[in-house]
1. For region B:161-193, give me each residue that is polar (S, T, N, Q) and assigned to a strand (DSSP E or B).
2. Which residues, taken from region A:169-204, are crowded, with 19+ Cβ neighbours inside 10 Å and touching a Phe, Trp or Tyr at 6+ places or on another chain (Cβ under 7 Å)?
3. Given the criterion farther than 22 Å from A:R276 by Cα and basic (K, R), identify the matching residue among A:K85, A:K79.
4. Pairs needed: first member in region B:16-39, more than 8 Å from chain A (Cβ to nearest Cβ) and free of Cβ contacts under 8 Å to residues at least 24 places away in the same chain; second member anywhere, assigned to a loop (DSSP other than H, G, I, E, B) and among the charged types (D, E, K, R); C-beta distance under 7 Å; at least 6 residues apart or different chains.
5. Being more than 28 Å from A:L357 (Cα to Cα), touching a residue at least 40 places away in the same chain (Cβ under 8 Å) and not aliphatic (A, V, I, L, M) is true for just one of A:G230, A:G259. Which residue is that?
6. Note down all Cβ pairs under 6 Å where the first residue falls in region B:89-118 and is more than 22 Å from B:D168 (Cβ to Cβ), the second is part of a strand (DSSP E or B) and of a type in the set (S, T, Y), and they're at least six residues apart or on different chains.
7. Mind checking which residues of region A:250-272 are out of contact with any strand residue (DSSP E or B) (no Cβ under 6 Å at 6 or more places or on another chain), part of a helix (DSSP H, G or I) and among the aliphatic types (A, V, I, L, M)?
8. When you look at B:G226, is it small (G, A, S), in contact with a strand residue (DSSP E or B) (Cβ under 8 Å, 6 or more places away or on another chain), surrounded by fewer than 19 Cβ atoms within 10 Å (Cβ to Cβ) and outside the structural domain of B:I57 (by TED's automatic domain parsing), yes or no?
Number of protein chains: 2
Amino acid sequence: MLIEAANRLNIQVNVLDAAASPAKQISAHDGHIEGSFKDAAAVKALAQASDVVTVEIEHVDTHMLEEVASEVIVEPSWKTLRTIKDKYAQKHYLKEHGVDVADSIDLEGKGVDGLKEVGATYGYPYMLKSKTEAYDGRGNFVVKSEADVEAAFEALGQRPLYAERWADFRIELAVMVVKTKDGVLTFPTVETVHEDSICKLTYAPPRNVSEKTAQRAQDLAKKAIGAFEGKGVFGVEMFLLKDDSLLINEIAPRPHNSGHYTIEACPISQYDAHLRAILDLPISQASLRLREPSIMLNILGGQTPDSHVQVANKALESPNASVHLYGKGDARPGRKMGHITVTAPTLAAAEREMQPLIDFVDSQKGKAPEPRKELGSSTKGEPLVAVIMGSDSDLPVLKAGLQILEKLDIPFTTRITSAHRTPDWLREFSKAAASTSLKVIIGAAGGAAHLPGMCASWTTLPVIGLPVKATHMDGWDSLVSMTQMPRGEPVATVGINNSTNAALLAVRILGASDLAVRERLRVWMEGNEVEVLRKDKALLEDGWEVYLQSMGK
Amino acid sequence: MLIEAANRLNIQVNVLDAAASPAKQISAHDGHIEGSFKDAAAVKALAQASDVVTVEIEHVDTHMLEEVASEVIVEPSWKTLRTIKDKYAQKHYLKEHGVDVADSIDLEGKGVDGLKEVGATYGYPYMLKSKTEAYDGRGNFVVKSEADVEAAFEALGQRPLYAERWADFRIELAVMVVKTKDGVLTFPTVETVHEDSICKLTYAPPRNVSEKTAQRAQDLAKKAIGAFEGKGVFGVEMFLLKDDSLLINEIAPRPHNSGHYTIEACPISQYDAHLRAILDLPISQASLRLREPSIMLNILGGQTPDSHVQVANKALESPNASVHLYGKGDARPGRKMGHITVTAPTLAAAEREMQPLIDFVDSQKGKAPEPRKELGSSTKGEPLVAVIMGSDSDLPVLKAGLQILEKLDIPFTTRITSAHRTPDWLREFSKAAASTSLKVIIGAAGGAAHLPGMCASWTTLPVIGLPVKATHMDGWDSLVSMTQMPRGEPVATVGINNSTNAALLAVRILGASDLAVRERLRVWMEGNEVEVLRKDKALLEDGWEVYLQSMGK
């Protein structure tokens, strides 16, 4: 994927790898080196043929890179690679630089007793890890109780070990960081989902994570990478703990699986960014924005040599899916053979489209599809509009509006949340709303009608107020409670009991940025125009008396 | 670019072209054929080595393709290529199939007199064209008057000629069409801008063209391509005449320059679509949507061998620009060396970003930059919000709201348009609004206050009503005129004279789909919260009496 980016800029990349390796398949020139990145002579040959040397895997011999660094630019710095490739050294270094990481204990030379001591200090479970050459779950062992200690040592005892305190995380996040000659930039925060210790999915933006937390994750990643020397992109994997705090899990000094989504989702990809960073080409934070929410699904090798091709073929049926196959030949179980990225106007739409592909790869592994979550009273998909009401007595008034939303194919949810009887629930709902699929809220209430006003005070989403005529004052009380909000928190108020207009206003708001919705509204309005014109024609042709009779009046 | 798409699906493409040609540079295998697409033996060798043969240029010998079609699938059909490569035959064929094309007259063997006769029939100017081998302006001659006839015949008389009636077009449009085994699909309509008869820019969506017209263009393109045999993508170039009718200009039976924007702007590109169409892989209309508005600028060779590299380097500074260089080596003047695509959340934002690059390529050609068009009272860029008022007497009330829009960096325009004194201007403004950069309208009015309601009746955009307190009734008259709109055309009404809330509601509406705007609003609201908490602390610490004194009350 780095070669794809380089090809578009006509930058020649000399690849050190086996003949006909994936990178060489799409780069036809005679500057490549055949061999292994662990072969000193090959690295030397690569350095002599190139202006800048970079790595796509950190398990490289950094002493070789140190040696060639006098002749050629090496990015990121061999020093950084040396620190990061040893996971214990990496964490120690980050801690020294004031970056939050999981607690860890060195276990080299400490044998089985060392593992038991960790259990006494950290409790169980804890994570036993090889300091080096560990990735995609290989080299890790979850020590669940003292009874596991022997088996853990049996499995990993031949390697340089350390232990990490168990991170009781809610979800995992990751941020791709770009270190340039001028500073440190970050791609958006993504959620990563692992299965069998291998990355399975990434979600951009992360699900049910506030923008504030996502920003904190970017800040932490920026701080961590700012502590290292050299240029290029870095993958920073983090835990979001149940108390909402963040801990660094691991750093990768290279393009990373959690950044594959950037190829489709951002103006420039992590590969574009890596090239630009190591070659001192221009790059700005504005290039790293999310153009559309996106989900990435890895295509792993399955039980048959063509299992990955089956997944790719299935993905071709998915309208918003981009398929990447890496040209690695036949699949081996668990090997990363490619990936699929779905981008869509909302994350909820991307989830709907990705789900059949997740089900497909799960079924390949003999796993039953997970039960779908309940979508409430939404007509289809994740709701874009929430219709909240202070009391179920408002529902009859809302009926006409809900029918309009259904007619115009707008997914919505209906909830009862009273500003006075369930103030905490209203607060919780309103505060979370902007982090969900919702884009507009309609609040219906009668009497003092605080519902939409309070909701608007806790959200940044547009809130439409529908005044409902209650026992007294003919609805005036609600109309005025909604329109006359203090400066700062507007409520978009429509006519008393006019839920049709509340719904149509929600449609207009969605249509401001969704041309398909706008077009459906235009067609609907045109239908109304035709209907009134038809009536006018009848009134003209039949005369007012006949017309009135036909109305039964 | 077709190879890029094929590489990602691990589809081997055998390329018939010179050694080290651009396509071969990114496709390393030994299945390529060296030679020219005009060499019969080479075409035969290509056919023998492949399952499906397709073309990227229509100036191919279709008799060779006809011959190999018995051994290998040829898409699109050689019959289609034979018809389309002769532009006169192409037009004749389209006309026979009921497709609107410019009138044309065959001139083969008719000499200078034939040209004069065309002038007598069509009037001047008219377009003299070579039936074959004409592209990028080569093979065309604009005959402006009878005095040009000799020169025109001198220039093109050796070629098979025909003449076309001059199309007095407002702009040029183009649609990429995908013909699959199951039917005909279309990418969105784009505007194309030509300079020196070579495509310079494409705009998706087209500027100042209604969605209805864009849809008509797609329908016409679909009808035209539906008339031909075979599968693959086709470029359809059209004229949008001043009377809003559409005429087909030319068809290309292959991926086309006007579809390059699809690489970044659509879920699948024209190249993905071409591959899928000729290989019978799945493809759906939903994949051909516009993810973000986009502008494509061709990088043409200039006066120096590296002029294209200079343009590319300049484009790297542009955050939303994707740069494609084709690997053609040194530039020749006018040769297509690459292209740049800018995508952005709005076409206006893409235009702002593309403009410096257009200025750059113009300055390379010694052309002065065009004067920028006036943006009215917008703070920056094309306006997203229009603030319209019935009278300039409403402006003082609007001041606070306009300041909020400026503070939150929302480009807006302010206009005076009275529902009663300038009803036609209000109608014109409202009807056009949805086809501009605008996404929200704020209408301020006092008294009977018909302004926002009438505006809402002529647009599908959300309209915010700001009731302004006039001489009588304390603003109640306006408040009720705006809220109590009939079912069908809602006005989002805020409090009397509360322009702050009208502006903040516009910001919320924009923020519903623009996360950057939403984040600016969140930060602003947080600032208000901090301010009130500060006051509460002072009130608690100082006591109410001191606090009141500090207020000077």
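The values are calculated or read from the model by the stated rules, or taken from the named source; none is laboratory data. Quick caveat: nothing in here was measured; it's all calculated off a predicted structure. As a convention, Cβ positions derive from the backbone with ideal geometry for all residues, glycine included, and neighbour counts pool all protein chains shown.
1. Once the filter is applied, which keeps residues that are polar (S, T, N, Q) and assigned to a strand (DSSP E or B), region B:161-193 yields B:T186, B:T189, B:T192.
2. If the condition is that a residue be crowded, with 19+ Cβ neighbours inside 10 Å and touching a Phe, Trp or Tyr at 6+ places or on another chain (Cβ under 7 Å), then A:E172, A:V175, A:M176, A:V177, A:K179, A:V190, A:E191, A:T202, A:A204 are the ones that fit.
3. Just one listed residue meets the conditions, A:K85.
4. Filtered contacts from region B:16-39: B:K38/B:D61.
5. None of the other options fit; the residue is A:G230.
6. Close Cβ pairs (under 6 Å, with a partner that is part of a strand (DSSP E or B) and of a type in the set (S, T, Y)) amount to B:D106/B:Y162.
7. A:I263
8. So B:G226 passes the test.
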